[in-house]
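See structure below.
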Amino acid sequence: MPVKFIVFLFLCLTTLSVKAQRDYSGPIQLSGMVITQEKGQPVKMPYVTIAVEGTSRGTYTNWDGFFSIVVERGETLVFSYVGYKTVKYIVPDTLSTNRYSIFQIMTFDNILLPETVIYPWPDKDNYHAEFLAMDVNSDISNRIQENLSKRVMASLYDKVPVDGNESTQSYMRQNAATYYYQGQTKPIQLMNVMAWKQFLEAWKSGKFKKKKKEE
């Protein structure tokens, strides 16, 4: 086969490939990475929301800040994340391939909210009037003492769920006890003199007696 024919065939194939790329008008697989800058160094941003404006299509970045979505030329991508400025990116309408990659940078957004002061009354004058008109008698004092009694507090202790601080402290204590005996068998309290002492004192004081149900 002559060399001239091979060169001619190669040029024809190249021309057809370039023309096919220029004539491509289908969907585009747009991939990329979202980053920000902290302390002068680029940092990958996970879970950034990426929406195609005007449509119900969208995606979000993974833990490495990577994303991939199918778009059309000329569509607008909206990058949003709490605490950062929303960024819009327009897909170029001059793309001639079905794949395209970008790097999107996001910057911090400082939001200063006005000071909010919450009062139980509309104004200070109303507070003074309500305070002076307050009827503080023995019934209110007795009701307060009753609500703060050990019996009521004990019943509330079993019914009211713990808050985040108490739950965290309980979890940390359990972990500390587990780590303390890591790799060994926990001691048996059967030979613990102090535990026997506490048991006998509780038994003598009648803590193990069945309590009568209140009518």
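Kindly check whether there is at least one residue in the range 153-171 that is modelled with pLDDT of 80 or more and of a type in the set (Val, Ile, Thr).
Within the range 153-171, one or more residues are modelled with pLDDT of 80 or more and of a type in the set (Val, Ile, Thr).
Of the conditions (1) under 30 Å from residue 42 (Cβ atoms); (2) charged (D, E, K, R); (3) at pLDDT below 80, residue 130 clears all except one; give me its number.
For residue 130, the failing item is (1).
Within the range 85-99, work out how many residues are surrounded by 13 or more Cβ atoms within 10 Å (Cβ to Cβ) and at pLDDT 90 or above.
Within the range 85-99, residues that are surrounded by 13 or more Cβ atoms within 10 Å (Cβ to Cβ) and at pLDDT 90 or above number 3.
Kindly list, by first and then second residue, each pair from a residue in the range 74-97 that is at positive phi to a residue that is charged (D, E, K, R), limited to pairs with Cβ atoms under 9 Å and residues at least 6 apart or on different chains.
Hits for this filter: 74/93; 83/109.
Name the residue that is modelled with the highest pLDDT, counting only residues in the range 172-215 that are loosely packed, with under 10 Cβ neighbours inside 10 Å and among the aromatic types (Phe, Trp, Tyr).
Ranking the candidates gives 208 first.
Among the residues of the range 100-115, is any at pLDDT below 85 and more than 23 Å from the chain's Cα centre (by Cα)?
Within the range 100-115 (the criterion being at pLDDT below 85 and more than 23 Å from the chain's Cα centre (by Cα)), the answer is yes, since at least one residue qualifies.
For residues that are polar (S, T, N, Q) and free of Cβ contacts under 8 Å to residues at least 12 places away in the same chain, scanning just the range 56-73, find the one that is surrounded by the fewest Cβ atoms within 10 Å (Cβ to Cβ).
56
The values are calculated or read from the model by the stated rules, or taken from the named source; none is laboratory data. This structure is a prediction, so every number in the text was calculated from the model and none was measured. Note that each Cβ is placed from the backbone with ideal geometry, even for glycine, and that neighbours are counted across all protein chains shown.
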